[in-house]
4 protein chains.
Amino acid sequence: MQKATLIIQCPDQKGIVAVVSDFLYKHHGNILEIDQHVDQELGLFFMRACWELDSFGLDKSAIQEVFEQEIGLRFKMDFQLYFNDRKPRMAIFVSKLSHCLFDILSRYYAGQFEVEIPLIISNHRDLKRVVEAFRIPFHYIPMDKANKSAIEDKQIALLEENHVDFIVLARYMQILSGDFIKKYPNRIINIHHSFLPAFVGAKPYHAAYQRGVKIIGATAHYVTEELDAGPIIEQDVSRVRHHNTVADLVQMGQDIEKVVLSKAIKYHLEHKVHAIGNKTVIFY
Amino acid sequence: MQKATLIIQCPDQKGIVAVVSDFLYKHHGNILEIDQHVDQELGLFFMRACWELDSFGLDKSAIQEVFEQEIGLRFKMDFQLYFNDRKPRMAIFVSKLSHCLFDILSRYYAGQFEVEIPLIISNHRDLKRVVEAFRIPFHYIPMDKANKSAIEDKQIALLEENHVDFIVLARYMQILSGDFIKKYPNRIINIHHSFLPAFVGAKPYHAAYQRGVKIIGATAHYVTEELDAGPIIEQDVSRVRHHNTVADLVQMGQDIEKVVLSKAIKYHLEHKVHAIGNKTVIFY
Amino acid sequence: MQKATLIIQCPDQKGIVAVVSDFLYKHHGNILEIDQHVDQELGLFFMRACWELDSFGLDKSAIQEVFEQEIGLRFKMDFQLYFNDRKPRMAIFVSKLSHCLFDILSRYYAGQFEVEIPLIISNHRDLKRVVEAFRIPFHYIPMDKANKSAIEDKQIALLEENHVDFIVLARYMQILSGDFIKKYPNRIINIHHSFLPAFVGAKPYHAAYQRGVKIIGATAHYVTEELDAGPIIEQDVSRVRHHNTVADLVQMGQDIEKVVLSKAIKYHLEHKVHAIGNKTVIFY
Amino acid sequence: MQKATLIIQCPDQKGIVAVVSDFLYKHHGNILEIDQHVDQELGLFFMRACWELDSFGLDKSAIQEVFEQEIGLRFKMDFQLYFNDRKPRMAIFVSKLSHCLFDILSRYYAGQFEVEIPLIISNHRDLKRVVEAFRIPFHYIPMDKANKSAIEDKQIALLEENHVDFIVLARYMQILSGDFIKKYPNRIINIHHSFLPAFVGAKPYHAAYQRGVKIIGATAHYVTEELDAGPIIEQDVSRVRHHNTVADLVQMGQDIEKVVLSKAIKYHLEHKVHAIGNKTVIFY
C-alpha cells in the first residue's frame, strides 16, 4: 500500500485539526493514523497524519505545493512530507560491543524496520564477518586521536556518497565533534547506558553500583553538542539486587540498551518523533 | 474551567474527523483533547473530543440538538455529551476485604477522582467506621442466599434513589444476578484477582500457585452475564518466585488489584472507555 | 508460631554459614528462612536466619548469651536477635499529603504489617479524623521555623515516651536536623519523589518534566545528614508520555511513592535490610 | 577460576544446610553462592552450592564419591555435581523465524552464555548463511510429515553424535513426539508465545487480540508430552493497546519471546533450575 505521512509543527491556534483533516477529506484521503499535541508552555502545535495514496485526489508530486499554498503558509507551518516507497537510509557506527548492532540486524532481517542500511562504519574489524553475512557493506576506519578531524571527514564523505538520512551510534564509544553533530541535527541517535539524567558520562554502571541503586536503565537520545543532554527518545529500566556485581549490571544493562535503541530507531523511521529543545513528542 | 466531552461511535467512513473538528472550530471551541480509532474488523469509528465551554459559540443546552441535526443523524452516530460540572455518581459494593476500597477512598480524598460517592453498600459491618470517617454513607445489607432477589431489589432501590451512574465491585465476593447486570450494561466495574483469561473463577491465586506461573496479575472489567468474560478495561502483573506461598501471592496480588481497579475507575470517570463486544477502546 | 530472627554482620571468613547453621541444628531449630551475602569489596559477611522457637533447645532468654559465647565473639560478629512476639513500634510523620499515609494505614488494617503504630505526628490537622478512625493517636505539632529545635525536642520526647523503634516520613515535607537524625541511625525511612540520584532536592517532578524523561520514579531510603543521599531501600518507576503535564506526573508519581514506601517499611519490619555506607543488602 | 556446582534434591529434614556447609568448610571450600528452598507441600529440600575448586581439599575426581558416602546416602539425596571447565552442549532447533535464534547467537558471541553449540538443526535453509557466520554447523533436515519418525531418528542420531546435553526450540514450530521428549526429560526448552496458561495451543496472539487483553506475554518451559503444560522456567509481558493489530502483537511479542527464552537458557546453563512436577525452583 502506498502511503503518505505528513509531519507538522507550527504556532498553536484554533482550527488546525479541522483544516488539515478537511484537506485530506476533500482530496479523498483515507486516514490511517492521525495524532496531534499542543505544547502549552511553548504555544506549539504538533501533528502527524498518515493516509493511503492510491485513492488520493492529488498527484503525489503535487501534494507538497498544494498543501503549502492552501494551508502551510497561512498557519506558518514547518512541515515535511514522506512517502513509504522511499525508505530512510540509516548508517550504523559501532565499536567492538555487538549486542546493539546484532539486535538491529536481527530486526532488519525480520523486516521489522522499513529501512535501507547502505553501510556500517567501525573503528575495529571484529564485527565484519557477521555484518557481511547480512549483506551490508562494512567499513573499517580505525580511530586516530591525533587526526580525528581527518577521520570524521572520511566518515562524512562516506555518509554523503551513500545518501544517509540518519546515523545510529550502537555503543560507538567515541565522541563526535561539534562540527559532525551540526551536520545531522536530531538525526544522530545514541544509546547511553544509564537512566539519564542519572550517571552522565563514562562508566555509568560502575557509578550505579557505587550508589547502590535498585534499578538501572538505558536511554536513547538525539546527540547534541552537550554530552548526554540531547532530547530523550526512549528509556527503560531493569531491577537489580545487592548481590549483582558491576559485571552483572553491564550484562543486564545490555538487554535494556538494545531494546531501547531499537525502539528509538523504529519511532524515528516512522517519523513519530518531534524534537523540541531537549524534549521529544512521540506519537506511538 | 467548564469543559464538554463528546463521545462518538458510528459506522466508519471518510471525513468524520474533518466534520467533527470543523464543527468545534466554527463554534470557536478550544480543543483540549481529541482521539479517534477505527476498528477495521467491525468497520466502526470511535472518537472522543474534549473542549473548553467558556468561549464556545453554542449554548451548553443547545449543543446536543445542534450536533445531532448537523452531524449525528448524517453519520448515524451513537453519541453522548458530558459536562464537567456534573460529576458522575459512583456506588461501591464491598465485602470484608479492605484494600481496594481504601485505595479508592484515598484517591477520592486527594481529589484524584472527579466523582460523587453517594453510598457504599456492604454485606458486612467491618468497614463502616473508616468509611464514615470519609463522610460517605455506609449501608449494611447482609447477604441472604435464600432471598437474594429481595436483597438485590433493596440494593437497586438505593442505587436509584441516589441516582447512581455506575457501580464498582471492590472485591465484593458476591455474584450479581443477570437481571441486576442488565440494568447497568457496561456500568459495573469488577476487579478479578487473576490475569484473565487465565484462572477464571474462584481461588485464582491458588490456581496460579499450583500451575507454577512466574507472574501473577489482576484484571478490571465490565461485568457481563458470563462470569469473568466481560470487556477488559485494565490489567497489570507482578513477578513471583518459587518461595512465595499462596498467602504471599494473595498479598502481592492485592497491590496489583487496587491499582488496576483505581485506574479502570479513572478511565471510566473521564469517559475514556468504549466497550464493544468483549473488548474496549481506551483513549488514555 | 513463635519465631526468632538472627541478623549477623561480620568480617568475611570461611565457615560462617557452617557454624551458624550447625548452631541452629544442634539446638533443634527448624530453619524457616536463611540468606547470606558477602560484600567482596568490603570483605563483609551478612546473614539473616529465621527459625521456629517452639521446638528450639535453648530457652528464648538464653539465646543471645549462648550465641555470643559460642560464635559471636569468635567471628567478631555484630548481631541482633528479634522475636516475633514483640512487634516493632513505628511512628509516622506526615504533612498534608495523604496518599502514603493512607496506604500504610490500609496495610496496617489488613494485617500486612507486623507493627505497632503508637502515634502519628503531623504539622497540620487535616488528617486527624481519618487517622483516628483507625484508632491511632494523632499528635498535631505545628511547625515553627524560628523554634525548630524546641519542636524537635517535643517530637523526640513523644517518640521516647512511646518507645518508638523507627520513624517513617510519609511525605513529611520538613527537613530533620542532624541532631534528630543521629538519634535514629538507619531508623528513619523517607520517601523521595524521584528516581534517585536523578533530581535530588525540591520539586523533582518539575525537574523531570523539564528534562523530558520518559520514565519517572520514587525512592525509599534511610535518612542521613546529607539530603537524599542515604542508603536506598527500594525504588520503582512509571512510564510517562509527552502529553503528561507536571500535575499528571505528580499524580502518577503518588502511585509509585506509596508502593515503594510501603515495601521499604515491610523489609525493615522483617529485619531484611542491612545498611552499609550508602548501600543496602536486602534479603527478600 | 575453577568452580564446582552441587545441586541437591532430597526429602526435607533438619540439619541439611549445616551438614552440607560443614562439608564444604572442612574441605576448605570457598563458597561463592549458596541457596536452598523447602517445598512445604511436597516435603522436599532443594539446594545449590557453588565454590572455588583451586583451594579445595578434595581432588576434583573424588568429590562425587566422598560426598555420596559422607552425606548423600544418609539423606537419600538425588544430587549432581558440575565443573565449569566442561561447558554444557546445546543444540538449537529452528524454523524460519529468526528473532530467538539471533538473540541466542548474539549472547553466545558476546560470551554471555557458558555453552558449546555443536549444531543447529532447521527444517528450512533460510538461516544457514547467518548461522555459519557465527561458525556453527547448520543441519538442514526438511520436515516430512509422512515420515516424521525417520526424521526424528536422524535428529537424535545427530544429537547423540554431538554429545548434546539439552535442546532449545527457538520457535521451531514442530511438535516433537513423545518418544523424542522422553529421551530428554527437563532438557528441552521451548518458548511459547503467550502468557501461559492463557492461550494454550496455536495462534495465541490472535486469541489474545480476540479476547481484548491489555497485556501479552511469552513463556519458556520444559517440554513435556502434554502440549504447553510443562514446568515454566520464565515469563514476561508487554502492554498492548486497542489500536494494536495482530501483526503488532506478533512483533511486540517477539521482543518478549527472545528475552524470556534467553533468560531460561541462562538459568539452565548455570544449573539454577530444579523442575518438580509442572513447577520449577529457580535460584537466581
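The values are calculated or read from the model by the stated rules, or taken from the named source; none is laboratory data. The shown structure was predicted, so the numbers you read here are calculated from the model rather than taken from an experiment. Heads up, the Cβs are rebuilt from the backbone with ideal geometry, glycines too, and the neighbour counts pull from every protein chain shown. These area figures cover heavy atoms from the full protein model, side chains too; ligands, DNA and RNA do not enter into them. Shrake-Rupley method; radii C 1.70, N 1.55, O 1.52, S 1.80 Å.
Within region A:20-53, if we keep just the residues that are touching a helix residue (DSSP H, G or I) at 6+ places or on another chain (Cβ under 7 Å) and among the β-branched types (Val, Ile, Thr), the residue that is surrounded by the most Cβ atoms within 10 Å (Cβ to Cβ) turns out to be A:VAL20.
Checked against (1) more than 7 Å from chain B (Cβ to nearest Cβ); (2) open to solvent by less than 10 Å² (accessible area, probe 1.4 Å); (3) polar (S, T, N, Q); (4) in a strand (DSSP E or B), D:SER262 passes all but a single condition, namely (4). If you take the residues of region D:1-19 that are more than 17 Å from D:PHE83 (Cα to Cα) and more than 13 Å from chain C (Cβ to nearest Cβ), which of them is surrounded by the fewest Cβ atoms within 10 Å (Cβ to Cβ)? Per the stated criteria, the residue is D:PRO11.
Exactly one residue out of B:PHE134, B:PHE113, B:PHE166 is without any contact (Cβ under 8 Å) to a residue 40 or more places away in the chain and open to solvent by less than 40 Å² (accessible area, probe 1.4 Å), and it is B:PHE134.
Looking across region C:96-110 at every residue that is open to solvent by 10 Å² or more (accessible area, probe 1.4 Å) and more than 9 Å from chain B (Cβ to nearest Cβ), the one that is farthest from the chain's Cα centre (by Cα) is identified as C:LYS96. Does at least one position in region B:4-15 carry a residue that is touching an Asp or Glu at 6+ places or on another chain (Cβ under 7 Å) and of a type in the set (A, V, I, L, M)? The answer is no, given that none of the residues of region B:4-15 is touching an Asp or Glu at 6+ places or on another chain (Cβ under 7 Å) and of a type in the set (A, V, I, L, M).
When the residues of region D:183-193 are narrowed to those that are touching an Asp or Glu at 6+ places or on another chain (Cβ under 9 Å) and touching a residue at least 40 places away in the same chain (Cβ under 8 Å), which ends up farthest from D:ILE265 (Cα to Cα)? Only one residue fits best here, namely D:HIS193.
Let's see how each residue does on (1) of a type in the set (Gly, Ala, Ser); (2) closer than 19 Å to C:ARG239 by Cα; (3) over 23 Å from the mean Cα position of the chain (by Cα):
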position: B:TYR209; (1), (2), (3): no, no, yes
position: B:GLY212; (1), (2), (3): yes, no, yes
position: B:ILE215; (1), (2), (3): no, no, yes
position: B:GLU226; (1), (2), (3): no, no, no
position: B:GLN235; (1), (2), (3): no, yes, no
position: B:ALA247; (1), (2), (3): yes, no, yes
position: B:VAL259; (1), (2), (3): no, yes, no
position: B:LYS263; (1), (2), (3): no, yes, no
position: B:HIS274; (1), (2), (3): no, no, no
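Return yes when C:ALA49 is within 14 Å of another protein chain (Cβ to nearest Cβ) and at pLDDT 95 or above and no when it is not. Here the answer is yes, as C:ALA49 does meet what is asked.
Is it the case, given these coordinates, that C:ASP54 is within 12 Å of another protein chain (Cβ to nearest Cβ) and in contact (Cβ under 8 Å) with a residue 40 or more places away in the chain? So C:ASP54 does not fit the description; no. Any residue that is in contact (Cβ under 8 Å) with a residue 24 or more places away in the chain, hydroxyl-bearing (Ser, Thr, Tyr) and touching a helix residue (DSSP H, G or I) at 6+ places or on another chain (Cβ under 7 Å) - is there at least one of those in region C:86-95? Checked region C:86-95: no residue is in contact (Cβ under 8 Å) with a residue 24 or more places away in the chain, hydroxyl-bearing (Ser, Thr, Tyr) and touching a helix residue (DSSP H, G or I) at 6+ places or on another chain (Cβ under 7 Å).
Picking from residues in region B:235-254 that are touching a Ser or Thr at 6+ places or on another chain (Cβ under 8 Å) and free of Cβ contacts under 8 Å to residues at least 40 places away in the same chain, the one that is farthest from the other protein chains (Cβ to nearest Cβ) is B:MET252. Given the structure, is D:ASN278 of a type outside the set (Lys, Arg) and at pLDDT below 95? Yes, satisfied.
One line per residue, one yes/no per condition, for (1) touching a strand residue (DSSP E or B) at 6+ places or on another chain (Cβ under 8 Å); (2) assigned by TED's automatic domain parsing to the domain that holds D:GLN112; (3) more than 28 Å from D:ASN190 (Cβ to Cβ):
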{"position": "D:ILE7", "(1), (2), (3)": "yes, no, no"}
{"position": "D:LYS14", "(1), (2), (3)": "yes, no, yes"}
{"position": "D:VAL19", "(1), (2), (3)": "no, no, yes"}
{"position": "D:HIS28", "(1), (2), (3)": "no, no, yes"}
{"position": "D:ASP35", "(1), (2), (3)": "yes, no, no"}
{"position": "D:SER61", "(1), (2), (3)": "no, no, yes"}
{"position": "D:PHE67", "(1), (2), (3)": "yes, no, yes"}
{"position": "D:PHE79", "(1), (2), (3)": "yes, no, no"}
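The condition (being open to solvent by 50 Å² or more (accessible area, probe 1.4 Å) and free of Cβ contacts under 8 Å to residues at least 24 places away in the same chain) is satisfied by just one residue among B:ASP126, B:ASP153: B:ASP153. On inspection, C:ASP179 fails the criterion of being among the charged types (D, E, K, R), in the same structural domain as C:ALA229 (by TED's automatic domain parsing), loosely packed, with under 14 Cβ neighbours inside 10 Å and free of Cβ contacts under 8 Å to residues at least 24 places away in the same chain. Within region A:137-150, take every residue that is in a helix (DSSP H, G or I) and among the charged types (D, E, K, R) and give me the one that is least open to solvent (accessible area, probe 1.4 Å). Looking at residues that are in a helix (DSSP H, G or I) and among the charged types (D, E, K, R), I get A:LYS148. Is it fair to say A:MET77 is buried (at least 18 other Cβ atoms within 10 Å of the Cβ), farther than 30 Å from A:ASN162 by Cβ, under 26 Å from the mean Cα position of the chain (by Cα) and within 14 Å of chain B (Cβ to nearest Cβ)? No. The number of residues in region B:196-211 that are within 11 Å of chain D (Cβ to nearest Cβ), open to solvent by 10 Å² or more (accessible area, probe 1.4 Å) and of a type outside the set (Val, Ile, Thr) comes to 6. Taking region B:103-131 as the range and being among the hydroxyl-bearing types (Ser, Thr, Tyr) and under 16 Å from B:GLN155 (Cβ atoms) as the test, only B:SER122 passes. Candidates are the residues of region A:20-45 that are more than 8 Å from chain B (Cβ to nearest Cβ) and among the β-branched types (Val, Ile, Thr); the one that is farthest from the chain's Cα centre (by Cα) is A:VAL20.
Restricting attention to region B:80-95, the residues being small (Gly, Ala, Ser) and open to solvent by 20 Å² or more (accessible area, probe 1.4 Å) number 0.
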